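This report refers to the structure that appears directly beneath it.
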Amino acid sequence: PFHVGDMITFSGGEGVVEEIGMRSTRVRTAGKTVVSIPNQHLANATVENQSLMPRRRVRFTIGITYDATAAQMQELVERIEALLRADPEVDPEQLIVRFTEFGASSLDIMVQYFTLTTDYQRSLEVRQRVNLALMRLIEEMGLQFAFPTRTVHLVGGGGEGLPAGD
(Lines give C-alpha, C1' and ligand atoms only; values in the text may rest on other atoms or scores of the structure.)
Protein backbone atom coordinates (compact mmCIF):
# COMPACT_ATOMS: atom_id res chain seq x y z
CA PRO A 1 0.00 0.00 0.00
CA PHE A 2 3.02 2.33 0.03
CA HIS A 3 6.43 2.88 -1.56
CA VAL A 4 9.73 4.44 -0.53
CA GLY A 5 9.19 8.21 -0.29
CA ASP A 6 5.49 7.99 0.64
CA MET A 7 4.17 9.80 3.72
CA ILE A 8 2.23 7.29 5.84
CA THR A 9 0.28 7.31 9.09
CA PHE A 10 0.23 4.11 11.14
CA SER A 11 -0.65 3.12 14.68
CA GLY A 12 2.13 4.71 16.67
CA GLY A 13 3.06 7.58 14.37
CA GLU A 14 3.61 8.98 10.94
CA GLY A 15 6.50 9.68 8.65
CA VAL A 16 8.16 9.13 5.29
CA VAL A 17 9.02 5.58 4.23
CA GLU A 18 12.79 5.35 3.79
CA GLU A 19 13.33 1.65 3.29
CA ILE A 20 11.17 -1.46 2.83
CA GLY A 21 13.10 -4.58 3.78
CA MET A 22 12.26 -8.27 3.93
CA ARG A 23 11.49 -8.17 7.66
CA SER A 24 10.88 -4.51 8.54
CA THR A 25 10.12 -1.07 7.15
CA ARG A 26 12.02 2.06 8.18
CA VAL A 27 10.07 5.31 8.55
CA ARG A 28 11.56 8.79 9.18
CA THR A 29 9.26 10.69 11.56
CA ALA A 30 8.58 14.44 11.67
CA GLY A 31 10.96 14.61 14.62
CA LYS A 32 13.68 13.21 12.29
CA THR A 33 13.94 9.94 14.22
CA VAL A 34 13.82 6.59 12.42
CA VAL A 35 11.25 4.00 13.41
CA SER A 36 11.77 0.41 12.36
CA ILE A 37 8.44 -1.43 12.13
CA PRO A 38 8.22 -5.19 11.65
CA ASN A 39 6.36 -5.87 8.39
CA GLN A 40 4.11 -8.31 10.24
CA HIS A 41 2.82 -5.39 12.36
CA LEU A 42 2.27 -3.23 9.29
CA ALA A 43 0.42 -6.07 7.55
CA ASN A 44 -2.05 -6.22 10.45
CA ALA A 45 -2.29 -2.44 11.01
CA THR A 46 -4.30 0.27 9.35
CA VAL A 47 -1.87 2.31 7.27
CA GLU A 48 -2.95 5.58 5.69
CA ASN A 49 -0.92 6.63 2.67
CA GLN A 50 -1.11 10.42 2.69
CA SER A 51 0.92 10.63 -0.52
CA LEU A 52 -2.05 9.25 -2.47
CA MET A 53 -4.53 11.95 -1.45
CA PRO A 54 -5.55 14.18 -4.36
CA ARG A 55 -6.07 17.25 -2.11
CA ARG A 56 -5.67 18.30 1.54
CA ARG A 57 -8.82 19.04 3.53
CA VAL A 58 -9.05 22.06 5.81
CA ARG A 59 -11.97 22.23 8.24
CA PHE A 60 -12.61 24.60 11.14
CA THR A 61 -15.28 26.65 12.90
CA ILE A 62 -15.30 30.43 13.18
CA GLY A 63 -17.13 31.77 16.23
CA ILE A 64 -18.60 35.27 15.94
CA THR A 65 -19.96 37.24 18.90
CA TYR A 66 -23.71 37.27 19.53
CA ASP A 67 -24.04 41.00 18.76
CA ALA A 68 -23.86 40.18 15.02
CA THR A 69 -27.15 40.54 13.15
CA ALA A 70 -28.70 37.95 10.85
CA ALA A 71 -27.89 40.16 7.86
CA GLN A 72 -24.25 40.43 8.93
CA MET A 73 -23.98 36.65 9.37
CA GLN A 74 -25.47 36.04 5.93
CA GLU A 75 -23.11 38.58 4.36
CA LEU A 76 -20.14 37.07 6.19
CA VAL A 77 -20.94 33.55 4.97
CA GLU A 78 -21.30 34.81 1.38
CA ARG A 79 -18.05 36.79 1.56
CA ILE A 80 -16.09 33.88 3.04
CA GLU A 81 -17.30 31.65 0.23
CA ALA A 82 -16.34 34.28 -2.38
CA LEU A 83 -12.91 34.69 -0.76
CA LEU A 84 -12.27 30.94 -0.98
CA ARG A 85 -13.55 30.70 -4.57
CA ALA A 86 -11.16 33.50 -5.59
CA ASP A 87 -8.10 31.76 -4.17
CA PRO A 88 -6.22 29.96 -6.99
CA GLU A 89 -4.97 27.23 -4.64
CA VAL A 90 -8.40 26.29 -3.22
CA ASP A 91 -10.63 23.76 -4.99
CA PRO A 92 -13.74 25.82 -5.87
CA GLU A 93 -15.87 22.71 -6.38
CA GLN A 94 -15.51 21.41 -2.83
CA LEU A 95 -16.33 24.36 -0.57
CA ILE A 96 -18.68 24.36 2.38
CA VAL A 97 -19.34 27.57 4.30
CA ARG A 98 -22.44 27.46 6.51
CA PHE A 99 -23.80 29.17 9.63
CA THR A 100 -24.31 25.96 11.58
CA GLU A 101 -24.69 26.58 15.32
CA PHE A 102 -25.88 28.88 18.04
CA GLY A 103 -22.96 27.95 20.30
CA ALA A 104 -22.62 28.53 24.03
CA SER A 105 -20.49 31.63 23.43
CA SER A 106 -20.65 32.24 19.69
CA LEU A 107 -22.49 32.14 16.40
CA ASP A 108 -20.62 29.37 14.61
CA ILE A 109 -19.72 29.18 10.93
CA MET A 110 -18.32 25.88 9.67
CA VAL A 111 -15.71 26.29 6.93
CA GLN A 112 -14.40 23.39 4.87
CA TYR A 113 -12.28 23.51 1.75
CA PHE A 114 -9.57 21.53 0.00
CA THR A 115 -6.19 22.85 -1.07
CA LEU A 116 -5.17 21.86 -4.58
CA THR A 117 -1.70 20.97 -3.34
CA THR A 118 -0.99 17.90 -1.24
CA ASP A 119 2.44 19.16 -0.19
CA TYR A 120 2.20 19.74 3.55
CA GLN A 121 4.31 22.92 3.70
CA ARG A 122 2.54 24.47 0.71
CA SER A 123 -0.89 23.60 2.14
CA LEU A 124 0.08 25.35 5.40
CA GLU A 125 0.99 28.46 3.38
CA VAL A 126 -2.44 28.39 1.70
CA ARG A 127 -4.10 27.91 5.08
CA GLN A 128 -2.23 30.85 6.59
CA ARG A 129 -3.08 33.13 3.66
CA VAL A 130 -6.78 32.19 3.91
CA ASN A 131 -6.82 32.62 7.71
CA LEU A 132 -5.28 36.09 7.52
CA ALA A 133 -7.74 37.08 4.78
CA LEU A 134 -10.60 35.84 7.00
CA MET A 135 -9.32 37.90 9.91
CA ARG A 136 -9.13 41.02 7.72
CA LEU A 137 -12.65 40.36 6.39
CA ILE A 138 -14.13 40.02 9.89
CA GLU A 139 -12.34 43.20 11.04
CA GLU A 140 -13.50 45.06 7.91
CA MET A 141 -17.12 44.09 8.61
CA GLY A 142 -16.87 45.38 12.20
CA LEU A 143 -17.48 41.90 13.62
CA GLN A 144 -15.54 40.17 16.36
CA PHE A 145 -14.32 36.65 17.03
CA ALA A 146 -16.02 35.14 20.05
CA PHE A 147 -14.33 33.37 22.91
CA PRO A 148 -15.87 31.50 25.84
CA THR A 149 -17.54 33.89 28.27
CA ARG A 150 -19.75 33.50 31.30
CA THR A 151 -22.17 35.97 32.87
CA VAL A 152 -22.86 35.64 36.58
CA HIS A 153 -26.11 37.03 38.00
CA LEU A 154 -26.15 37.64 41.76
CA VAL A 155 -29.53 37.15 43.40
CA GLY A 156 -30.57 39.36 46.32
CA GLY A 157 -28.11 42.18 46.06
CA GLY A 158 -28.15 42.79 49.84
CA GLY A 159 -24.41 43.20 49.89
CA GLU A 160 -23.82 40.81 52.80
CA GLY A 161 -20.14 40.24 53.35
CA LEU A 162 -19.05 43.13 51.11
CA PRO A 163 -17.06 46.06 52.52
CA ALA A 164 -19.05 49.22 53.13
CA GLY A 165 -18.66 51.94 50.50
CA ASP A 166 -17.85 55.61 51.14
For a label point 7 angstrom out from the Cα of Ala133 toward its Cβ, which stretches of segment 51-87 have the backbone nitrogen within less than 14 Å?
-> 78-87
Taking H as built 1.01 Å from N, whose amide H comes closer than 5 Å to the amide H of Asp6, not counting residues under 5 places away?
-> Val17
List the trypsin sites (Lys or Arg not before Pro) in segment 4-112 that DSSP assigns to loop (not H, G, I, E or B) and whose Cβ has at most 13 other Cβ atoms within 10 Å. Which are they?
-> Arg23, Lys32
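Suppose R0 equals 25 Å; then what is the FRET efficiency for Arg122 and Ser36 from their Cβ-Cβ distance, rounded to the nearest 0.05? Don't jump to the answer; show the numbers that get you there.
On the way: r = 30 Å, r/R0 = 1.19.
After rounding, the FRET efficiency stands at 0.25.
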Over segment 1-43, what per residue volume does the convex hull of the Cα atoms give, in whole Å³?
-> 64 Å³
Round to the nearest 10 and report in Å² the accessible area of Tyr66, as given by a 1.4 Å probe over the protein chains' heavy atoms.
-> 110 Å²
Helix 120-140: angle to the longest alpha-carbon principal axis of the chain, degrees 0 to 90, nearest 10?
-> 10 degrees
Treat every Asp and Glu Cβ in the chain as -1 and every Lys and Arg Cβ as +1, leave all other atoms uncharged, and give the resulting dipole magnitude about the Cα centre to the nearest 20 debye.
-> 680 debye
What 222 nm value per residue comes from the helices of the chain, counting each DSSP H run with n ≥ 4 as -39,500 (n - 2.57) and dividing by all residues, nearest 500 deg cm²/dmol?
-> -8500 deg cm²/dmol
Taking the Cα-to-Cβ direction at Met110 and at Gln144 and moving 7 Å from each Cα, how far apart do the two end points lie in nm?
-> 2.7 nm
For segment 96-155 and segment 1-63, what is the separation of their C-alpha centers, rounded to whole Å?
-> 30 Å
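I'd like the carbon and sulfur percentage of the solvent accessible area for the chain, probe radius 1.4 Å, heavy atoms only, ligands and nucleic acids excluded.
On the way: 5920 of 11270 Å².
Carbon plus sulfur share of accessible area: 53 percent.
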Most to least accessible of Thr46, Thr118 (protein chains only, probe 1.4 Å) | Thr46, Thr118
Taking each pair of different alpha-carbon atoms in the chain once, compute 1/r for the pair, average those values, and report the inverse of that mean as the Kirkwood hydrodynamic radius in Å to one decimal.
-> 19.9 Å
Whole number in Å², please: accessible area per residue of the chain, 1.4 Å probe, ligands, DNA and RNA not counted.
-> 68 Å²
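The values are calculated or read from the model by the stated rules, or taken from the named source; none is laboratory data. Small disclaimer: the values here were computed from a predicted structure and weren't measured. Cβ sites come from the backbone with ideal geometry, for glycine too, and all protein chains shown count toward neighbours. What goes into the accessible areas is simple: the full protein's heavy atoms, side chains included, and nothing from ligands, DNA or RNA. Shrake-Rupley method; radii C 1.70, N 1.55, O 1.52, S 1.80 Å.
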